[in-house]
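The values are calculated or read from the model by the stated rules, or taken from the named source; none is laboratory data. Just so we're clear, the structure is a prediction, and the values are computed from it rather than from any experiment. Cβ atoms come from the backbone with ideal geometry, glycine included; neighbour counts cover every protein chain shown. With ligands, DNA and RNA removed, areas are computed over all heavy atoms of the protein, side chains included. Shrake-Rupley method; radii C 1.70, N 1.55, O 1.52, S 1.80 Å.
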Amino acid sequence: MTGLVVGLGVVLLVGLALRRIDLFVLVVLLVRTSLDAVRVPGPAGLDPAALLGILLLGTASTWLLATWRREGWPRLSPLALTSLAFAGAGLVGVAVAPAYAVALVEWTRLASIAVTLLVVERLAASATFRRRLVLVLLLAAVVPLSTAAVQVVRGEGLFEAGGFDRAVGTFTHPNPFAAYLSIVVVVALAQVVHRSETRLRLVCAAVAVLASLGLLATYTRGAWLAALLGVAVVVALRQRRLLLGVAGALVVVLLLVPGIAQRFGDLGDEESLRGEPGNSLTWRFEYWSEALDLASESPVTGIGLKQVAGESLEGKQPHNDFLRAYVEMGLLGLLAFTLFVAQLARTAVRGWARARGGPVADRALAAAFAGVAAGYVLMSAVANLMSQVVVGVYLAALAGCVSALVQRGTDPAPGPVPNNEHGRPPRAEEDPAGGTVEPGTGRRASAAGEAVTGGE
């Protein structure tokens, strides 16, 4: 029965992609967080999450190629170019990998994240799409958070590690669940801080609180710090003195929430009584050294995608995306990933500069991405995010929206403004969808400065 439902879902998604690629992308983002825990019974063990990733890669790539063939090759943004370059470096990792099939599957993850960025960057010319994407990102947290709440209340389905029972929600591990929730917290809080609509702010405040509670229940220190950094960025972009409130809230959490201080308290224990690493940070330093040794014979091309887990004694990824890029894809992969991360930061800075004088919805979006990008860079240094599609597609979606703002802009084009008969410059009327109505023409333009024609 489950297999039939999955098959029907695939058919419906393909049909939707053929008719409305914008709605297809939004549906994928809405359901992706709920699929990791789903497995179809049978000898093949069909994985709906992996199937959806392949479907996203195939349909989105086909749509992009068809669009470029019809309209001509576009001028890609620096962020899009670096994401494609990193996916290209991944092909080198496939070519040199001894386990070719495993590496190819891993590459499809990198490619699906890059393709998501390219598609959203194009669709985000519409202010309506940008607004819907933010809403979908927040709605996608409902099922994982509800599942996590049930796990915590019943004490079932939790992930036990280091003496802590950690919530996983619908994810396979607390770490990616926490990374996703850190994004939700930052995006929701950005709406509260930078928007003015009372009802919207109340709803987003509730989402931010619930996502924060879920994040605490994961006991994932890296994601905690990433969320805290993202929140600080969002608040500082609104008003720096509000950072005092963030600091006060942090103190209250440390004092009142059990386990938080204890989770950080073991960082001083370098070795346990059994001679093993006393905490995960010490373990990381030791494991990073082991992973570096794997690339000693092939520093240029690396050892192949997903081979650190296959070649190391512990069978785990290195918990450092920069290190992993070097070991598995060589110097080329490290350069490509570093450039991609640098472009994330550059896009965040330019996006805020571009959006701060535009509609409030775009200001909130740009502030949210700035916070998310800061947190992502931090987590990349201590976690495995590079090919986590369930996290990467949401980062790529936000990045594509803000990159579109950078490329197209939200403010009026520079130059002299003609005066009307009263000697005053004509004013554009604000449109409920977040764009403007051009004076004298009645044409509605999106906040990106282009005419809105609906879903592409």
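General remarks:
- Taken over the stretch 185-213, the criterion of being open to solvent by less than 30 Å² (accessible area, probe 1.4 Å) and either among the polar types (S, T, N, Q) or over 20 Å from Leu398 (Cα atoms) (or both) is satisfied by Gln191 alone.
Each row is one residue, and each column tells you yes or no for (1) among the β-branched types (Val, Ile, Thr); (2) in a helix (DSSP H, G or I); (3) over 22 Å from Ser83 (Cα atoms).
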position	(1), (2), (3)
Ser296	no, no, yes
Leu305	no, no, no
Gln317	no, no, no
Leu334	no, yes, no
Thr338	yes, yes, no
Gln343	no, yes, no
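- Residue match in the stretch 13-26 (condition: modelled with pLDDT under 75 and under 24 Å from Ser146 (Cα atoms)): no
- Residue count for the stretch 134-169, restricted to those that are in contact (Cβ under 8 Å) with a residue 12 or more places away in the chain and among the polar types (S, T, N, Q): 2
- Flag not set for Val193, criterion: free of Cβ contacts under 8 Å to residues at least 12 places away in the same chain, over 23 Å from Ser387 (Cα atoms), assigned to a helix (DSSP H, G or I) and of a type in the set (Val, Ile, Thr).
- Residue check, Ala217 open to solvent by less than 30 Å² (accessible area, probe 1.4 Å), assigned to a helix (DSSP H, G or I) and farther than 23 Å from Leu365 by Cα: yes
- For the stretch 301-344, a tally of residues being touching a Lys or Arg at 6+ places or on another chain (Cβ under 8 Å) and open to solvent by less than 10 Å² (accessible area, probe 1.4 Å) returns 3.
- For the stretch 30-51, the count of residues that are part of a helix (DSSP H, G or I), open to solvent by less than 30 Å² (accessible area, probe 1.4 Å), modelled with pLDDT of 85 or more and within 22 Å of Ser403 (Cα to Cα) is zero.
- Residue match in the stretch 132-139 (condition: open to solvent by less than 50 Å² (accessible area, probe 1.4 Å) and in contact with a Phe, Trp or Tyr (Cβ under 8 Å, 6 or more places away or on another chain)): yes
- Within the stretch 101-126, considering residues that are hydroxyl-bearing (Ser, Thr, Tyr) and in contact with a helix residue (DSSP H, G or I) (Cβ under 7 Å, 6 or more places away or on another chain), the one farthest from Pro78 (Cα to Cα): Thr108
- Filter pass, Ala149 being part of a helix (DSSP H, G or I) and either farther than 30 Å from Ser83 by Cα or open to solvent by less than 20 Å² (accessible area, probe 1.4 Å) (or both): yes
- For the residues Leu281, Leu292, Leu305, the requirement of being modelled with pLDDT under 75 and hydrophobic (A, V, I, L, M, F, W, C) singles out Leu281.
- Verdict on Arg408 being surrounded by fewer than 24 Cβ atoms within 10 Å (Cβ to Cβ), farther than 29 Å from Ser112 by Cα and either modelled with pLDDT under 95 or in contact with a Ser or Thr (Cβ under 7 Å, 6 or more places away or on another chain) (or both): no
- For the stretch 97-130, the set of residues classified as open to solvent by 10 Å² or more (accessible area, probe 1.4 Å) and among the acidic types (Asp, Glu) consists of Glu121 only.
- Criterion (part of a helix (DSSP H, G or I) and in contact with a His (Cβ under 8 Å, 6 or more places away or on another chain)) met by exactly one of Val234, Val184: Val234
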